Amino acid sequence: MTEFLRISILPIALTLAAFRIGQLLQNKWKTPLFNPTLIGTVLMIAFLLVTGMDMADYTVGTAKLSWLMTPATISLAIPMYEQFQMLRKNLKAIVIGVVSGAVTCLVFLLLGCLLLRFDPALTVSLLPKSVTTAIGVPLSELYGGMGGVTTAAIIVTGIFANMMGPTLCKLFHITDPVAQGVAFGTAGHVIGTAKANEVSPLTGAVSSLSLVVAGLLTAILFPLLAGAV
Amino acid sequence: MKYLSQFLMILGFSLVGEALQRLVPLPIPASVYGIVLLFAALCVGLVKLEQVKEAGGFLTSILPILFVSPAVGILENWALIRGAVLPIFLLVAASTALTFGISGRAVQWLLKKGGGKHD
């Protein structure tokens, strides 16, 4: 058994298969709870616990995939450029909206963590939870955070924004499609953007521009906040 | 061979990003430098959209798969967070709702003030 568990392409094959199962579940039942990254993660954790596959073997195995993270994240600049061209007229409002949302989020989280007397490593792991994983995880790790906790918090955030977004729009009387897009992208990154795309193409475009701007802004503001942890 | 040259172009920006992360004494992730530089290069016309579009589209579409492995890493941190799962969840949910409301309200107010133009 252990012999099989050490086959070098096994971690990647299993990860892709686990993700694919999540995708199939989501196609069948259209709920953000069946987020493929979440389902894939739960299945992989179950597999590691059941079979006793070594965590180090899994990490080394998937490193053959993980190096694509930087080029894939950088590619977010391409849709950002396309939306930037399209949304020029509303750019000022979008940027101010993202700034106010991102600053509120960071300050609220920092105060919450300090009030709850969280461990500094946990606080740093939670601070980037509203931005896309591609920016949030390296940010957390650069400041001594735990990548796994950050990823989990980011996914939970996205699912919450996706599911509660329409209710929150009513609650806060956010009726304008551009305003809704900024809210989905700033609060719920890529997973929130999936819901924004269902609302309208304009809302989706604004959301995907907002999520990159929110990520960049959080990276810039992070040193100021991490100092207070 | 279009995809190969597009992929190489994106890899080039990745390398510059990684180099900057090592050169600049600020904890900014390589990908952040890369996004800013590629975006700037597209804006000034140094890089054309058709030099990166398809390979970039493929790469962004596989991003969610790449997060499974780091998320599994939570297994190693479980001991530290197991006692605080509920407060963590409530904090995450409350901050998300607040961020959603504030950013949405701010934009709506600004657009109304400026006459609200869409296109």
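Tell me the Rg and the Dmax, in Å, that the Cα atoms of chain A produce.
Answer for chain A, Rg first and Dmax second: 18.5, 61 Å.
Work out the length of the dipole vector of segment A:77-226 about its Cα centre, built from +1 on the beta-carbon of each Lys and Arg and -1 on the beta-carbon of each Asp and Glu, and round it to the nearest 20 debye. Present the calculation step by step, with values, prior to reporting the outcome.
Values: 7 positive and 5 negative charges, 54 e Å.
That gives segment A:77-226 a dipole magnitude of about 260 debye.
Which Cα, out of B:96, B:85, B:12, lies furthest along the positive dipole direction of chain B (beta carbon charges, K/R +1, D/E -1)?
Ranked along the dipole, the leading option is B:96.
What does the convex hull of the Cα atoms come to per residue for segment B:69-119, in Å³? Write out the running numbers ahead of the final one.
Values: hull volume 5.0 nm³, N = 51.
Measuring per residue, one finds 98 Å³ for the Cα hull of segment B:69-119.
Given the -39500 (n - 2.57) contribution per DSSP H run of 4+ residues, what per-residue ellipticity at 222 nm results for chain B, rounded to the nearest 500 deg cm²/dmol?
Taking each H run of at least 4 residues, the total per residue is -26000 deg cm²/dmol.
Would you mind classifying segment B:2-119 by shape? Square roots of the alpha carbon gyration tensor eigenvalues, ordered a ≥ b ≥ c; an a/c under 1.5 is rounded, otherwise it is prolate if a/b is larger than b/c and oblate if not.
oblate
Between segment A:47-98 and segment B:21-38, what is the separation of their alpha carbon centroids in Å?
With segment A:47-98 and segment B:21-38 each reduced to a Cα centre, they are spaced 15 Å.
Any idea what log10 I(q)/I(0) is at q = 0.12, 0.19, 0.24 Å⁻¹ for segment A:1-91, Debye with uniform C-alpha scatterers and no solvent?
-0.54, -0.94, -1.13
Give me the one-decimal Kirkwood hydrodynamic radius in Å for segment A:108-229, with the sum taken over alpha-carbon pairs.
Here the Kirkwood hydrodynamic radius works out to 14.4 Å.
Let's test the formula: R0 of 35 Å, r as the Cβ-Cβ distance of residue A:42 and residue B:16. What FRET efficiency results, to the nearest 0.05?
About 0.45, to the nearest 0.05.
As a quick test, which of the pairs A:89/B:2; A:92/A:129; A:30/B:113 have an alpha carbon distance above 30 angstrom in this structure?
A:89/B:2; A:30/B:113
Quick one: work out Rg over Rh on the C-alpha atoms of segment B:1-65, Rh as Kirkwood radius.
0.99
Please report, in debye to the nearest 20, how large the charge dipole of the protein assembly as shown is about its Cα centre when each Lys and Arg carries +1 at its beta carbon and each Asp and Glu carries -1 there.
900
Quick one: P(r) of segment A:27-76 from all Cα-Cα pairs, 10 Å bins, percents rounded to integers, in order of increasing distance.
20, 37, 34, 9
On full extension of the chain, what length is gained from residue A:60 through residue A:13, given 0.36 nm per residue of separation minus the C-alpha to C-alpha distance? Before the final figure, lay out each step's value.
Numbers: separation 47, 0.36 × 47 = 16.92 nm, distance 1.33 nm.
So the chain would gain 15.6 nm between residue A:60 and residue A:13.
Report the FRET efficiency, 1/(1 + (r/R0)^6), for residue B:8 and residue B:78, where r is their Cβ-Cβ distance and R0 is 41 Å, rounded to 0.05.
Efficiency, rounded to the nearest 0.05: 0.50.
All of the numbers you see were taken from the coordinates with simple rules; none came from a lab. Only a predicted model underlies this, so the values are computations on that prediction, with no experimental measurement involved. Neighbour counts run over all protein chains shown; Cβ positions are idealised from the backbone, glycine included.
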